[in-house]
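Only one structure is covered here, and it is reproduced in the block below.
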Amino acid sequence: MAPERSTGNRISAQDIRRRKGGVPIVCLTAYTYPIARMLDPHVDLLLVGDSVAMVLHGHVTTLGASLEMMIAHGQAVMRGSTKACVVVDMPAGSYEASAAQAAASARRIVNETGCQAVKLEGGVDMAAQMAAIVTEGIPVMGHIGLQPQSVEKDGGYKIKGRTHENVAALFRDAEAVEKAGAFSVVIEGTVEAVASDLTRHVAIPTIGIGASGDCDGQILVIDDMIGMTVDRVPKFVKEYANLRDTISHAAARYAAEVRSRAFPGPDHVFSATSGKDKA
Ligand code: KIV
């Protein structure tokens with residue numbers, strides 16, 4: 001595990017690590033300054049996920065994310081938050097080649113954003129990369145089970161833990177992530193009972209998404225959770241709001257009022273005598 005880093009008043013990766021088995025850890029993704037400001041008071045951890053490539057940039061998979069994209073969104077989320085532990089995803093192509101590549105990319109992300117930790121996908125296959133980042137003093141979050149960066153290789157978003165061989169591989173991955181020094185691990189798209197067993201098996205907190213209520217914490221993609229997703233919403237998502245309809249209705253009302261000249265009204269224009277200089 002990386003040595004404790006000073007994080008001011010923020011929740012640190014080590015604080016998250018200490019919450020194993022305690023009050024569930026509340027995590028959401030965030031990609032922008034205003035959303036980070038709105039979420040920060042309510043969550044323990046904000047993940048600048050590479051899902052940003054799909055959610056905000058319209059790519060078909062997370063493979064559309066680049067290091068520059070992750071850094072720009074990481075900077076925005078850091079500006080918009082003061083309390084949460086901010087974790088930035090390492091995009092595909094920035095870490096797989098070698099431990100040295102992973103360490104250099106992680107260093108760049110932390111130096112340019114000031115985030116508390118990085119996350120990367122993989123288990124046994126990425127253990128050397130995770131250990132190298134931890135050796136740099138940078139906390140790492142693992143990500144096992146369904147790994148969106150491997151979706152093309154896997155032939156789709158396939159649920160994990162349905163065969164004996166796959167369950168054994170998941171346990172090996174979880175052990176490898178823990179041994180590499182990760183402070184926590186995301187378990188995605190995995191059979192409920194298997195995710196529950198994995199949570200009991202490792203000493204680091206597990207963060208579930210399409211996994212199990214027994215995980216030490218939960219994460220959702222913010223746009224899914226607030227009903228902003230315009231394409232398919234995964235089964236594991238619970239929509240706590242429907243901003244799709246709210247925005248669509250607002251746009252329809254605005255369009256009607258512009259066309260009928262009801263907007264702008266007297267409150268939204270400046271008279272020569274109102275005396276106010278500021279918009
Ligand atoms: O990129 C992302 O949003 C993620 C979460 C789904 C865990 O990795």
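The values are calculated or read from the model by the stated rules, or taken from the named source; none is laboratory data. What you see is a predicted model, and the numbers here were worked out from it, not measured in a lab. Every residue, glycine among them, receives a Cβ derived from its backbone with ideal geometry; neighbour counts consider all protein chains shown. Note: accessible area is taken over every heavy atom of the protein model, side chains too, but ligands, DNA and RNA are not part of it. Shrake-Rupley method; radii C 1.70, N 1.55, O 1.52, S 1.80 Å.
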Has region 80-89 got at least one residue that is under 24 Å from Pro205 (Cβ atoms), of a type in the set (A, V, I, L, M, F, W, C) and in a loop (DSSP other than H, G, I, E, B)? yes
Among the residues listed as Ser98, Ser150, Ser184, Ser196, the single one being at pLDDT 95 or above, out of contact with any His (no Cβ under 6 Å at 6 or more places or on another chain) and within 20 Å of Ala13 (Cβ to Cβ): Ser184
Quick one: how many residues across region 35-65 are within 14 Å of the ligand (Cβ to nearest atom) and surrounded by fewer than 19 Cβ atoms within 10 Å (Cβ to Cβ)? 6
For region 115-128, indicate whether the set of residues that are in contact with a His (Cβ under 6 Å, 6 or more places away or on another chain) and of a type in the set (Val, Ile, Thr) is non-empty. no
Of all residues in region 28-50, how many are over 16 Å from Gly208 (Cβ atoms) and among the polar types (S, T, N, Q)? 1
Subset of region 71-93 (residues that are among the hydrophobic types (A, V, I, L, M, F, W, C), over 11 Å from the mean Cα position of the chain (by Cα) and within 12 Å of the ligand (Cβ to nearest atom)): Ala92
List every residue pair whose Cβ atoms sit under 8 Å apart, with the two residues 6 or more apart in sequence or on different chains, where the first one lies in region 114-143 and is on the phi < 0 side of the Ramachandran plot and the second, anywhere, is of a type outside the set (A, V, I, L, M, F, W, C) and at pLDDT below 95. Gln116/Arg5; Gln116/Thr7; Pro139/Arg5
Scan region 96-111 and report the pairs whose first residue is open to solvent by 10 Å² or more (accessible area, probe 1.4 Å) and whose second residue is assigned to a helix (DSSP H, G or I) and acidic (Asp, Glu), with Cβ atoms within less than 9 Å and a gap of 6+ or a chain change. Glu96/Asp125
Report whether or not Val26 is under 16 Å from Ile133 (Cβ atoms) and in contact (Cβ under 8 Å) with a residue 12 or more places away in the chain. no
Residues in region 248-267: is at least one of a type in the set (Lys, Arg), under 23 Å from Ile25 (Cα atoms) and not in a strand (DSSP E or B)? no
Search result, residues across region 1-26 that are open to solvent by 50 Å² or more (accessible area, probe 1.4 Å) and either part of a helix (DSSP H, G or I) or at pLDDT 95 or above (or both): Asp15, Arg17, Arg18, Arg19, Lys20, Gly21, Val23, Pro24, Val26
Failed item, numbered, when Val202 is tested on (1) without any contact (Cβ under 8 Å) to a residue 24 or more places away in the chain; (2) more than 16 Å from the ligand (Cβ to nearest atom); (3) surrounded by 10 or more Cβ atoms within 10 Å (Cβ to Cβ); (4) among the aliphatic types (A, V, I, L, M): (1)
If we ask which residues in region 106-142 are among the β-branched types (Val, Ile, Thr), within 16 Å of the ligand (Cβ to nearest atom) and part of a helix (DSSP H, G or I), their number turns out to be 2
From the list Ile226, Ile219, Ile247, Ile209, exactly one residue is surrounded by 10 or more Cβ atoms within 10 Å (Cβ to Cβ) and in contact with an Asp or Glu (Cβ under 6 Å, 6 or more places away or on another chain). Which is it? Ile209
Taking the condition of being away from the ligand (no atom under 14 Å from the Cβ), open to solvent by less than 20 Å² (accessible area, probe 1.4 Å) and either out of contact with any Ser or Thr (no Cβ under 6 Å at 6 or more places or on another chain) or in contact (Cβ under 8 Å) with a residue 60 or more places away in the chain (or both), how many residues in region 186-197 meet it? 1
